[in-house]
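Some notes on the structure that comes next.
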Amino acid sequence: MSEPAKKTNPHLLAIDQGTTSSRAILFSAAGDVELVAQRELKLYYPNDGWVEQQADAIWADTQAVCREVIQAAEKQGMPIAALGITNQRETTVVWDKKTGQPVYNAIVWQDRRTANYCAELRAAGHEATLTEKTGLLLDPYFCATKIRWILNEVEGARARAEAGELLFGTIDCFLLWHLTGGKRHATDITNASRTAIFDIHEQCWDKQLLKLFDIPESLLPEVVDNTGDFGHSTNEALGAELPIAAMIGDQQSALVGQGCFAPGSIKSTYGTGCFMLMNTGTQALPSKHRLLTTVAYRLGGETHYALEGSIFVAGAAIQWLRDGLELFDDAAASEALAQTVENNGGVYFVPALTGLGAPYWRADARGMIVGITRDTNRGHIARAALEAQAYQTRDLVSAMQADGGSTPPVLRVDGGLVANALACQQLADTLQTSVEVPKIVEATAWGAASLAGLQAGVFYSVDDIAKVWQLDKGYRPASSAADADAQYAGWQQAINRLLD
Ligand code: ADP
């Protein structure tokens, strides 16, 4: 950390615009959370499989939480050196270039409305080229088919797009445009890498894919590094002119926040779902096992890539035990309940409540509990739900290894579920690797804040950022590899039955 920075006591502001809330978090340069403001965000389900949000509300909420934190920081004498943005990825907005008015709601990453169109394109043999260029799969999850849907279905949108009147952006880009009073239409490379129209190797928008999805080039933002001079927030937007110095998608931001800069390092975030990213260095590893190849970050023009595995249901399985089965009132109580039994008693819970993600990608799969006997009780079910997180993670690690990734020496974890010691110990046992929970619980927001600090001179290098990372709790394998394999074999049997 630089001397001048230490003297001026700089703070770093992160905007963490997530699926369920918009937050502003003020960090000290040591990674301590000093101030937080948060607003819950509504999701709308106007049709089966459709998921939308009001883009206007996303901007208004972001503005409100930032103003709240900035004012409190001023009062408490905490100067803000720079602002970084991290965001829910793939959520798609198209807006009027002059007014900033969205032409349609934001279509959220979870939205499945373009599933049939994706299936048609797959049947027509388009997936291989798309995967080769973008590292992704032909799935409604990504932006391309969402943009096409807006242009085709919203009255007048295509004509206006072709006349150059509209802009597209993911949430980072939409927020930047508003923060700068419409001056800057740019997105960072991690967000661009989730659109399915961006070639992650050539690092440019891909003309062939734009043609396939019928998207005019005039809609597209400039693609930039994760750190840089993105402009300043206007007084009108935030009541302060702050340098915007970093933007990065949420899962990549957690990778940075966890200090996973070395090739082979892995982080796994266990919230509603689970997202695991392995830094593969400057090499983009193509996946033969249906993982995604994606940009981890680009700093100073140098691109690092990641392999990503996305599991749709992680903590959500515990929520279901709480709300659906009413086994307990509070997610944390799952641990004590699971501890009432010595082992899973042969019970396996495959929590495919909304389909199976990586490496299976079976949207039609549904959950399953197997191995129930007369002796099975609530404790076994809770234990099976917590163990499932470890087995799902091992599925991803195995796929990563099969794709040429190295064996992880350690797994850094974050998200709500890692408060559960039994789940973390199970992870260490199942993977036969060390599991580390950091002191910074807000790894995602800290990633964007620390990158803003890198740009602002609070940090000299990513090594400086990595040094901020501190261990809170570590877990080592307590069971033998043979026992772990035997337990995992039970899970694999359950999965195979489900896939049949
Ligand atoms: P998100 O950011 O996706 O909303 P969070 O990181 O806040 O998720 O984590 C919330 C999830 O973690 C919930 O699904 C909840 O069931 C689960 N969770 C929280 N605490 C615990 C716990 N002690 N044990 C098991 N699961 C937990």
(request) Could you run the Karplus curve 6.51 cos²θ - 1.76 cosθ + 1.60 with θ = phi - 60° over segment 397-406 and give me ³J(HN,Hα) per residue in whole Hz, x for Gly and Pro? (result) 4, 4, 5, 5, 5, 5, 7, x, x, 7
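What does the charge dipole of the chain about its Cα centre add up to, to the nearest 20 debye, if the Cβ of each Lys and Arg holds +1 and the Cβ of each Asp and Glu holds -1?
Values: 40 positive and 58 negative charges, 45 e Å.
Around 220 debye, computed over the chain.
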(request) Evaluate segment 1-130: find the radius of gyration of its Cα atoms, find its Kirkwood radius, and give the ratio Rg to Rh. (result) 1.13
(request) Could you grab the relative contact order for segment 1-143? Cα pairs under 8 Å, six or more apart, rounded to a whole percent. (result) 23 percent
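Do you know the relative contact order of segment 11-249, to the nearest whole percent, from alpha carbon pairs under 8 angstrom that are 6+ apart? If you can, show how the numbers build up before the last one.
On the way: 493 pairs, mean separation 46.9, N = 239.
Relative contact order of segment 11-249: 20 percent.
Hey, what's the chain come to in accessible area per residue, 1.4 Å probe, Å²? Walk me through the intermediate numbers first.
Numbers: 19390 Å² over 500 residues.
With all protein chains present, the chain gives 39 Å² per residue.
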(message) Could you tell me how far the Cα centroid of segment 177-245 sits from the Cα centroid of segment 366-430, in Å?
(response) 37 Å
(request) Count charges around residue 442 for me, please; just the other residues with Cβ under 13 Å from its Cβ, Lys/Arg as +1, Asp/Glu as -1. (result) -4
(request) Can you check what the net charge comes to around residue 333, using other residues whose Cβ is under 14 Å from the Cβ of residue 333 (Lys, Arg +1; Asp, Glu -1)? (result) -2
(request) Can you send over the solvent-accessible area of residue 28, 1.4 Å probe, protein chains only, in Å² to the nearest 10? (result) 10 Å²
(message) With n ≥ 4 as the cut-off for DSSP H runs, can you work out [θ] at 222 nm for the chain, using -39500 (n - 2.57) per run divided by the number of residues, rounded to the nearest 500?
(response) -11000 deg cm²/dmol
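How do the peptides 158-164, 307-313 rank, highest first, by the average count of neighbouring beta carbon atoms within 10 Å per residue?
307-313, 158-164
Kindly identify segment 130-242 as rounded, prolate or oblate by the Cα gyration tensor criterion: order the square roots of the eigenvalues as a ≥ b ≥ c, call it rounded if a/c is under 1.5, otherwise compare a/b with b/c, prolate if a/b is larger, else oblate. Don't skip to the end; give the middle numbers.
Working: a/c = 2.34, a/b = 1.38, b/c = 1.69.
Since a/c reaches 1.5 but b/c is at least a/b, the shape of segment 130-242 is classed as oblate.
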(request) Any chance you could look up the accessible area of residue 400 with a 1.4 Å probe, heavy atoms only, rounded to 10 Å²? (result) 0 Å²
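Report the trypsin sites (Lys or Arg not before Pro) located in segment 278-363 that are in a DSSP loop and have at most 11 other Cβ atoms inside 10 Å of their Cβ, or state none.
Numbers: sites: 288, 290, 298, 322, 362; in loops: 288, 290.
Passing sites in segment 278-363 are 288.
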(message) I'd like the projected area of segment 147-187, averaged over all directions, using the convex hull of its alpha carbons. Report it in nm² with one decimal.
(response) 3.1 nm²
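Where both partners of a DSSP beta bridge lie in the chain, what percent of those bridges are antiparallel, to the nearest 5? Each step should come with its number before you reach the end.
Numbers: 54 of 77 bridges.
In the chain, DSSP labels about 70 percent of beta bridges as antiparallel.
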(message) Starting from 0.36 nm per residue, how many nanometres of slack lie between residue 373 and residue 463 once their C-alpha separation is accounted for?
(response) 27.1 nm
(request) Have a look at the DSSP beta bridges in segment 11-249 and tell me what percent are antiparallel, nearest 5. (result) 65 percent
(message) Using Cα-Cα distances under 8 Å and only pairs 6 or more residues apart, what relative contact order does the chain have, in percent?
(response) 15 percent
(request) Could you give me the radius of gyration and the Dmax of segment 11-249, taking only the C-alpha atoms into account and expressing both in angstrom? (result) 17.9, 60
(request) Could you work out the mean projected area of the convex hull around the alpha carbons of the chain, in square nanometres to one decimal? (result) 22.4 nm²
(request) Considering the options 425, 239, 443, tell which one lies farthest towards the positive end of the dipole of the chain, charges being +1 on Lys and Arg and -1 on Asp and Glu at the Cβ, about the Cα centre. (result) 425
(message) Starting from the 7 Å offset along Cα-to-Cβ, what nm value, one decimal, do you get for the label separation of residue 208 and residue 163?
(response) 3.4 nm
(message) Taking θ = phi - 60°, what integer Hz values does the Karplus form 6.51 cos²θ - 1.76 cosθ + 1.60 yield along segment 128-141, in sequence order, with x for Gly and Pro?
(response) 4, 5, 4, 5, 4, 7, 9, x, 10, 10, 7, 9, x, 3
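Would you work out what percent of the accessible area of segment 153-308, with all protein chains in place, is carbon or sulfur (probe 1.4 Å)?
On the way: 2390 of 5050 Å².
Solvent-exposed carbon and sulfur of segment 153-308 make up 47 percent of the total.
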(request) Using the structure shown, select from 98/211; 75/183; 98/146; 146/211; 42/439 the pairs with a Cα to Cα distance greater than 19 angstrom. (result) 98/211; 75/183; 98/146; 42/439
(request) Assign one of three labels to segment 182-274, namely rounded, prolate or oblate, based on the Cα gyration tensor with a ≥ b ≥ c the square roots of its eigenvalues; rounded applies when a/c is under 1.5, prolate when it is not and a/b is larger than b/c, and oblate otherwise. (result) oblate
(request) Give me the distance in nm between label points sitting 7 Å out from Cα along the Cα-to-Cβ direction at residue 217 and residue 339, one decimal. (result) 6.2 nm
(request) Work out the FRET efficiency for residue 486 and residue 132 from their Cβ-Cβ distance, taking R0 = 35 Å, and round it to the nearest 0.05. (result) 0.35
(message) Quick query: amide H of residue 80 versus all other amide H atoms, modeled in the peptide plane; which residues come in under 5 Å with a sequence gap of 5 or more or a different chain?
(response) 11
(request) Evaluate the distance, in nm, between pseudo-label points positioned 7 Å from the Cα of residue 28 and of residue 236 along their respective Cα→Cβ axes. (result) 3.8 nm
(message) Tell me the carbon and sulfur percent of the accessible area for segment 1-137, rounded to whole percent, probe radius 1.4 Å.
(response) 48 percent
(request) For helix 481-499, report the angle its Cα long axis makes with the longest principal axis of the Cα atoms of the chain; keep it between 0 and 90° and round to the nearest 10°. (result) 70 degrees
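The values are calculated or read from the model by the stated rules, or taken from the named source; none is laboratory data. Predicted, not measured: the structure shown is a model, and the values here were computed from it. As a convention, Cβ positions derive from the backbone with ideal geometry for all residues, glycine included, and neighbour counts pool all protein chains shown. Remember, those area values only see protein heavy atoms, side chains included, never the ligands or the DNA or RNA. Shrake-Rupley method; radii C 1.70, N 1.55, O 1.52, S 1.80 Å.
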